[in-house]
Amino acid sequence: MGKFSAVIVIMLFAFNSHSAFAQWHQKSFHVMGTLAHVEFWLDDDATKATADKLIVAVEQEMQRIDQTMSPYIATSELSVINRDAATRPVIVSQELFDLLTDAHDIAVLTHGMFDITYASIGYQYNYRKHQKPNQAAIKQALTAINYQTVILDKPSLSVKFTDADVKIDLGGIAKGHAVKNCIAILKKAGIEHALISAGGDTTLLGDRIGRPWFVGIKHPRAEEKTAVQLPLSNESISTSGDYERYFIEDGVRYHHIINPKTGDSARNVVSVSIIGKNPTYVDALSTAIFVMGLQQGMALINELPEYEAIIIDNQQTLHVSTGLQQD
Ligand code: ADP
Ligand code: MG
């Protein structure tokens, strides 16, 4: 059997051993331009105040990361980098430096298909307003789309651009990072069963008490439908789809995942989900594998024993990596 197939035992009276208070707590809220959700199990001796405090802590952590990493907030560390890094080294927080280092490592791993400098052209797309750059603008920006133009200096925690036109954006990795930090907050508080999601990024801590969590992958062409339901415990899953932010012009779909080599939306597949232990990596890898497409993307995932993939191609056929295939 594949490593994620689970025998589901439904334990009807599993909750009998808990006190009257022990229960699931949950909340959904808007942050980082998307819908986030937190859900966790609190045991016997906890109070409602404990639950409320944890929910606030998770919400505040996501807001804090947004304030640090949003390109739309002029005072964010990210905005300061984009404003100044071409003219002077910009000193950043350890947290942002470490995330930029992860982004760099994933760019190397994916042969530049994950590349935060995609933003050098990315900021000229506005999906809500149906705006896209013309060919001349794309051509001019292409030289600035290269992760090697971002110089990270570890001793000084500084960031420098070697090209004046470079812009960076962490939209393909920041939500995974946020989910990772929030799970750490719950874990530190002694929580053993939790789900945290931000948009298409979900991490499961433990199981749902005696049974797995079920995480759905959206049907890419029918909003209300689910393409697959996966039983998961102690895993992270990230889905990248061409249906989240897009517009269609002359029959062509322009959406928010950009091929760094062309400056145009990637159109090899319609949905990519990556499963693994590291929330930050699965987030960035889902974006990268989306750009790579089925053959190249699946080949890379099959080389990485810690990650599995579910890819839906343009014919809406579902493909899974070798670790998910039944023997
Ligand atoms: P979502 O943001 O809907 O969860 P993804 O995780 O796939 O979806 O991330 C898409 C986001 O990643 C885009 O909105 C953009 O901010 C960023 N992005 C787009 N193309 C690339 C790329 N080639 N490399 C890195 N980041 C990218
Ligand atoms: Mg992603």
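Scaling against 2.2 N^0.38 Å puts the C-alpha radius of gyration of region 222-265 at 1.55. Once the Cα atoms are used to define both axes, helix 94-109 deviates from the longest principal axis of the chain by about 80 degrees. Note on ALA49 and GLN229: their simple-model spin labels are 3.9 nm apart, each label 7 Å out from Cα toward Cβ. Label separation (THR162 vs GLN124): 2.3 nm, computed from points 7 Å beyond Cα along the C-beta direction. With the Cα gyration tensor of region 128-212 giving a ≥ b ≥ c as the square roots of its eigenvalues, does the rule (a/c under 1.5 for rounded; else a/b larger than b/c for prolate; else oblate) give rounded, prolate or oblate? Judged from the Cα gyration tensor, region 128-212 comes out oblate (a/c at least 1.5, b/c at or above a/b).
Summing Cβ point charges (Lys, Arg +1; Asp, Glu -1) relative to the Cα centre of the chain gives a dipole of roughly 540 debye. Solvent-accessible surface (1.4 Å probe) assigned to HIS130 amounts to roughly 100 Å². Taking the Kirkwood radius as Rh and the Cα radius of gyration as Rg, region 154-197 has a ratio of Rg/Rh equal to 1.21. The C-alpha radius of gyration of region 57-162, expressed as a fraction of 2.2 N^0.38 Å, stands at 1.14. Scoring 103-115, 273-285 by mean Cβ neighbours within 10 Å over their residues and listing the highest first yields 273-285, 103-115.
Taking a ≥ b ≥ c as the square roots of the eigenvalues of the alpha carbon gyration tensor, region 212-299 is oblate, as a/c is not under 1.5 and a/b does not beat b/c. Using a cut-off of under 20 Å, list every residue of region 92-124 whose amide N is near the label point 7 Å from the Cα of ALA184 along the Cα-to-beta-carbon line. In region 92-124, the label zone of ALA184 (backbone N under 20 Å from the point 7 Å along Cα→Cβ) covers 92-106.
Treating r as the C-beta distance of GLN131 and ASN302 and R0 as 51 Å, the FRET efficiency rounds to 0.85. The orientation-averaged projected area of the convex hull spanned by the Cα atoms of region 255-327 comes to 5.1 nm². Label zone of ILE209 (point 7 Å out along Cα→Cβ, amide N under 13 Å): in region 39-55 this covers 40-46. As a calculated quantity, the FRET efficiency between HIS37 and LYS261 at R0 = 45 Å, using C-beta atoms, amounts to about 0.85.
Taken over the Cα atoms of the chain, the convex hull encloses 143 Å³ per residue.
For the chain, take the longest principal axis of its alpha carbons; what is the angle in degrees between that and the long axis of helix 174-188, to the nearest 10 within 0 to 90? Approximately 30 degrees, to the nearest 10. Would you mind telling me the share, in percent, of accessible area of the chain contributed by carbon and sulfur at probe 1.4 angstrom? That share works out to 52 percent. Which of rounded, prolate, oblate describes region 113-270, given a ≥ b ≥ c as roots of the alpha-carbon gyration tensor eigenvalues and a/c under 1.5 marking rounded, otherwise prolate only if a/b is larger than b/c? Oblate, because a/c is 1.5 or more while a/b does not exceed b/c.
The values are calculated or read from the model by the stated rules, or taken from the named source; none is laboratory data. Being a predicted model, the structure only gives us computed values, none of them experimental. Note: ideal-geometry Cβ built from the backbone for every residue, glycine included; neighbour counts use all protein chains shown. Each accessible area value is taken on the protein alone, full model and side chains, heavy atoms only, with ligands, DNA and RNA left out. Shrake-Rupley method; radii C 1.70, N 1.55, O 1.52, S 1.80 Å.
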